[in-house]
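What follows draws every value from the coordinates through simple rules; no lab data is involved. Keep in mind the model is a prediction, meaning the values are calculated, not measured. We place every Cβ from the backbone using ideal geometry, glycine too, and count neighbours over all the protein chains shown.
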Amino acid sequence: MASESANPSSSSAGSYSSLTIGVLALQGDYDAHARAFAAAGARTVLVRKSEQLAGIDGLVMPGGESTTMLKFLEQNGFFAALGRFAATTPCFATCAGCILLAREVLHPPQRSLGVFDATVERNAYGRQIDSTILTAPTEIPGGPLEMVFIRAPRITRVGPDVEVLARRDSFPTLAREDHLLVATFHPEMTSDTRVQKLFLDMVASHKAR
Ligand code: GLN
């Protein structure tokens, strides 16, 4: 859907209650994501087992620690099931989630689902103490967006079908490829729900196909 408008108020805003959004709840700040999506009007469910992927319209993969999430995913076939899910169904992956979804992970190299056509460098902006909040213009209408970076990865390459919606310096911080949305910052840590609504619009149009 790279050709679609990035306007989160352009379609089904206000009718998100028919959408069930799963939040991967193995580790990290899944609770904050669940609250943010509930505030945006969606039904939310915490996903801890691969079987639960069957009942959701879209999945949020939160920030946290990607190495720890990988350890959980490597049990009971969850990694393979998540790869199959993400290949066809909307996912919104932030920070550690973005690292899991990317085609290639560096610094150091790490196993990933490989479905989002990008190269991601872990901890590229330094340590926890170098975490920062920036406010910058984006492709999303409604004015500049506050972006919270916490030991953030950096997207250093994107494939030809990836649409970049926001940047830090010249590097993508919010990007979309077909049914997948990734962010290297934490939209769930601000009260602005425009990024959640953008994802919910992607989920709604995917469901209506
Ligand atoms: N540094 C973490 C990792 O490599 C990501 C940090 C985050 O999700 N905020 O997994």
GNM flexibility winner over the chain from 80, 25, 175 (Cα, springs under 10 Å): 80
Inter-centroid distance (Cα atoms) of segment 166-207 relative to segment 93-150, Å: 11
Inter-label distance for residue 31 and residue 135, nm, one decimal - labels placed 7 Å from Cα along Cα-to-Cβ: 2.8
Interatomic Cα distance distribution for the chain, bins of 5 angstrom, percent: 1, 8, 17, 22, 23, 17, 9, 3, 0
Relative contact order for the chain, counting Cα pairs under 8 Å that sit 6 or more residues apart, in percent: 22
About the Cα centre, charge dipole magnitude for the chain (Lys/Arg +1, Asp/Glu -1 at Cβ), debye: 340
Separation of the residue 127 and residue 106 label points, Cα + 7 Å toward Cβ, nm: 2.4
Theoretical gain in end-to-end length, residue 38 to residue 146 [0.36 nm per residue, Cα-Cα removed]: 36.9 nm
Added length on full extension, which subtracts the Cα-Cα distance from 0.36 nm per residue, residue 157 to residue 15: 47.6 nm
For residue 93, residues with placed amide H under 5 Å, excluding near neighbours: 61, 181, 182, 183
Ranking of 179, 206, 186 by count of other Cβ atoms within 10 Å, fewest first: 206, 179, 186
Listed residue (73, 175, 41) projecting farthest to the positive dipole end of segment 22-178, Cβ model: 73
Expected 222 nm ellipticity per residue - DSSP helices of 4 or more, -39500 (n - 2.57), all of the chain, to 500: -7000 deg cm²/dmol
Exposure proxy order (Cβ contacts within 10 Å, fewest to most) of 107, 33: 107, 33
Those lysines that a straight Cα-Cα span of less than 26 Å connects to residue 197, excepting residues fewer than 8 apart in one chain: 49, 207
